[in-house]
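To start, the structure itself, in structure tokens.
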Amino acid sequence: MSLNVEKGNKKRVVIVGGGFGGLKLATSLRHSGMQVILIDKNNYHQFPPLIYQVASAGMEPSSISFPFRKIFQDRKDFYFRMAEVRAVFTDKKIIQTSIGKVDYDYLVFAAGATTNFYGNKHIAEEAMPMKNVAEAMGLQNAILANLERSITCANNVERQELLNVVIVGGGATGVEVAGVLSEMKHTILPHDYPDLDSSLMNIYLIEAGNRLLSAMSPESSAKAEEFLRKMGVNILLNKKVTDYRDHKVVLADGSEIATRTFIWVSGIAGVQIGNMDKAFLGRGNRIKVDEYNRVTGMEDVFAIGDQCIMSGDKEYPNGHPQLAQVSIQQGKLLSKNLRRLVKGKSMMPFSYKNLGSMATVGRNKAVAEFSKIKLQGFVAWVLWLVVHLRSILGVRNKVIVLLNWIWNYFNYNQSLRMIFYPTKAKEVIEREAREAVTHLGEDLLKEENCE
């Protein structure tokens, strides 16, 4: 296989990853006179802030996803290829992907982050992450299947394991998942499962630190905790999860919580490139970049968003928060800097403009912070809705999400709670098996090792 993209005489920008940063960069390079190739393992852009609603069967996955080819269908000098990047050879200005090699003039890593299990391989095998739409669908299936099995279970111990939900990680995602599952317990279970005692369902939110939402102010953290406790969520602070065995989450103090729904949203780490030396990586496996988002020690290679860590911003000496706005702002500035490089001009350093942060806990409940302004409750919740609705791609998706929210506000009885286990076609299975053992860049890796 090959990417089948002729280079021509234009400067080529290869963007790896179509998240917030990569998408902003690609769209901002319109009319730049450069050839742009976007590579992503999925053929769609996803909206991570609402993935938890997919996991709780409150929204269709298509409502928070948008195909790349639809976004760029009228663009000239733009190419999308669905593939994974496996290696980079900066001396030859070539990257190896799962469908072949491609050379570049400028390379931008914007592949985002994946779940961080902090080196605990057993937990990585057992826990259910929720970083993308596919994982959210898997979690939705697990939650619904466990509920179905709980009403037919003859063993009380197993029934309780099926009904207990343990969420590890007290950041925005953990808070939002705990809140939406608590609402599910109180509003959906009594109607969908009238023969099940909904009080048996227990939701645990475990945080290793001393408060929830550590990236926000203590006031917002305390309010979020108050909201969740009133909703019946069991919050365990200063507790570290060390293992999961025999359907039990094991804590560092020796205590255990029985569950078959073990959700891990405790942290994120930058997506790694196969042959990239660890010397280029900083905290959380994030690629180290300078104030221009240029990878330290590499020429014409950049990284933006969650995949990078910048030490050049005096306001954020330990790196910027891994938020959508950071990615978007870095992508926008990098598009300007690439244009400047082509014209022989010097680049402009990145400076993050903090537009605030927010987290929703449940209906009418949210916390939001903007500079010195802190909002809580209904007003913060409405603001959260507006901000996220504006950020979703596509008019159709905006309308569907808005209608979903309106319907949910007055009536929780949606018809989305179905269990689907997609079956891959034989042709796809065989193709994936072939790609797993081909296009590994072995020829260039051998040359690199010989040198």
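The values are calculated or read from the model by the stated rules, or taken from the named source; none is laboratory data. Treat the numbers as computed from the prediction; the structure is a model and nothing was measured. In this analysis, Cβ positions are derived from the backbone assuming ideal geometry, glycine residues included, and neighbour counts consider all displayed protein chains. When the accessible area is computed, the model is the full protein with side chains, heavy atoms only, and any ligands, DNA or RNA have been set aside. Shrake-Rupley method; radii C 1.70, N 1.55, O 1.52, S 1.80 Å.
Here the Kirkwood formula, the inverse mean of 1/r across different C-alpha pairs, assigns the stretch 237-319 a hydrodynamic radius of 15.4 Å.
Rounded, prolate or oblate: pick one for the stretch 73-228, where a ≥ b ≥ c are the square roots of the eigenvalues of its C-alpha gyration tensor, a/c under 1.5 means rounded, and failing that, prolate if a/b is larger than b/c, else oblate.
Working: a/c = 2.49, a/b = 1.91, b/c = 1.31.
Note, shape of the stretch 73-228 comes out prolate.
Where the centroid of each part is defined by its Cα atoms, how far is the stretch 138-185 from the stretch 1-18 in Å? Comparing the Cα centres of the stretch 138-185 and the stretch 1-18, I get a distance of 44 Å.
If r is the Cβ-Cβ distance from V428 to E6 and R0 is 30 Å, what FRET efficiency results, to the nearest 0.05? Numbers along the way, then the final one.
On the way: r = 28 Å, r/R0 = 0.93.
So the FRET efficiency works out to roughly 0.60.
Order L107, L341, most accessible first, counting only protein heavy atoms with a 1.4 angstrom probe. Walk me through the numbers before you get to the answer.
Details: L107 0, L341 55 Å².
Solvent-accessible surface, decreasing: L341, L107.
Beyond 20 Å in Cα-Cα separation lie the following of the pairs K10/K93; K7/K41; K230/K365: K7/K41. Rounded, prolate or oblate: which fits the stretch 346-451, taking a ≥ b ≥ c as square roots of the Cα gyration tensor eigenvalues, rounded meaning a/c under 1.5, else prolate when a/b beats b/c? Cα axes put the stretch 346-451 in the oblate bin.
Distance between the modelled labels on V157 and D91, one decimal in nanometres: 6.0 nm (7 Å Cα→Cβ projection). Within the stretch 123-190, all pairs of alpha-carbon atoms sorted by distance into 10 Å bins from zero give the percentages 17, 51, 29, 3. Using only alpha carbon pairs under 8 Å that are at least six residues apart, calculate the relative contact order of the chain and give it in whole percent. Normalised by residue count, the contact order of the chain is 19 percent.
Between amide H atoms placed 1.01 Å from N, distances below 5 Å from Q96 occur with R86, A87, V88, F89, all of them 5 or more places distant or on a separate chain. The alpha-carbon positions of the stretch 352-402 define a convex hull whose volume is 75 Å³ per residue. Computed over all pairs of different Cα atoms, the Kirkwood value for the hydrodynamic radius of the chain is 23.5 Å. The angle between the Cα long axis of helix 172-187 and the longest principal axis of the Cα atoms of the chain comes to about 40 degrees, rounded to the nearest 10.
Ranking of S182, S266, S311 by solvent-accessible surface, largest first: S311, S266, S182 (1.4 Å probe, protein heavy atoms only, all chains present). Calculated mean residue ellipticity, 222 nm, the chain: -10000 deg cm²/dmol, from DSSP H runs (n ≥ 4) at -39500 (n - 2.57) each, averaged per residue and rounded to 500.
Over all directions, average the projected area of the Cα convex hull of the stretch 1-138 and note it in nm².
Numbers: hull surface 39.5 nm².
One quarter of the hull surface, i.e. the mean projection, equals 9.9 nm².
Karplus-based coupling profile of the stretch 145-152, in residue order and whole Hz: 5, 5, 5, 4, 5, 5, 7, 10, with θ = phi - 60° in 6.51 cos²θ - 1.76 cosθ + 1.60 and x standing for Gly or Pro. In order along the stretch 260-277, the Karplus-derived 3J(HN,Hα) couplings, from 6.51 cos²θ - 1.76 cosθ + 1.60 at θ = phi - 60°, round to 10, 10, 10, 9, 10, 10, 7, x, 10, 9, x, 5, 8, 9, x, 9, 6, 4 Hz, and Gly and Pro are given as x.
Determine the gain in length on full extension of the stretch V437-K230; use 0.36 nm per residue of separation and subtract their C-alpha separation, reporting nm with one decimal.
Values: separation 207, 0.36 × 207 = 74.52 nm, distance 5.21 nm.
Full extension from V437 to K230 adds 69.3 nm.
Extents of the stretch 39-117, largest first, come to 48, 40, 19 Å (Cα atoms, principal axes, whole angstrom). All C-alpha pair distances within the stretch 96-136, sorted into 10 Å bins from zero, spread as 20, 34, 29, 17, 0 percent across the bins.
Once you have a ≥ b ≥ c as the square roots of the Cα gyration tensor eigenvalues for the stretch 14-53, tell me rounded if a/c is under 1.5, and otherwise prolate or oblate according to whether a/b is larger than b/c.
Working: a/c = 3.74, a/b = 2.08, b/c = 1.80.
Here the stretch 14-53 falls in the prolate category.
Using R₀ = 25 Å, calculate the FRET efficiency as 1/(1 + (r/R₀)^6) where r is the Cβ-Cβ separation of D277 and N43; round to 0.05. Plugging the Cβ-Cβ distance into 1/(1 + (r/R0)^6) gives 0.25. All other residues whose Cβ lies under 14 angstrom from that of G297 are scored, Lys and Arg at +1 and Asp and Glu at -1, for a net of -2. Which whole-angstrom value gives the distance between the alpha carbon centres of the stretch 233-308 and the stretch 342-373? A separation of 21 Å, based on Cα centres. Here K332 and E256 are evaluated by their C-beta separation; at R0 = 45 Å the FRET efficiency comes out at 0.40. Converting phi to 3J(HN,Hα) with the Karplus coefficients 6.51, -1.76 and 1.60 and the offset θ = phi - 60°, the stretch 433-438 yields 5, 5, 5, 5, 10, 10 Hz in sequence order, with x at every glycine or proline. Largest accessible area first, the listed residues H45, H439 line up as H439, H45 when surface is computed with a 1.4 Å probe on the assembled protein chains.
Antiparallel beta bridges, as assigned by DSSP with both residues in the stretch 119-249, represent about 20 percent of the total such bridges.
Quick one: pull the percent of accessible area on the chain belonging to carbon and sulfur, 1.4 Å probe, ligands and nucleic acids left out.
Details: 11390 of 21830 Å².
Carbon plus sulfur share of accessible area: 52 percent.
For the chain, the solvent-accessible area works out to 48 Å² per residue, with a probe of 1.4 Å and every protein chain left in place. Exposure check, 1.4 Å probe, all protein chains in place: K353 carries approximately 140 Å² of accessible surface.
Over all distinct Cα pairs, what is the inverse of the mean 1/r for the stretch 278-396, reported as the Kirkwood hydrodynamic radius in Å? Every distinct Cα pair counted, the radius reaches 16.2 Å.
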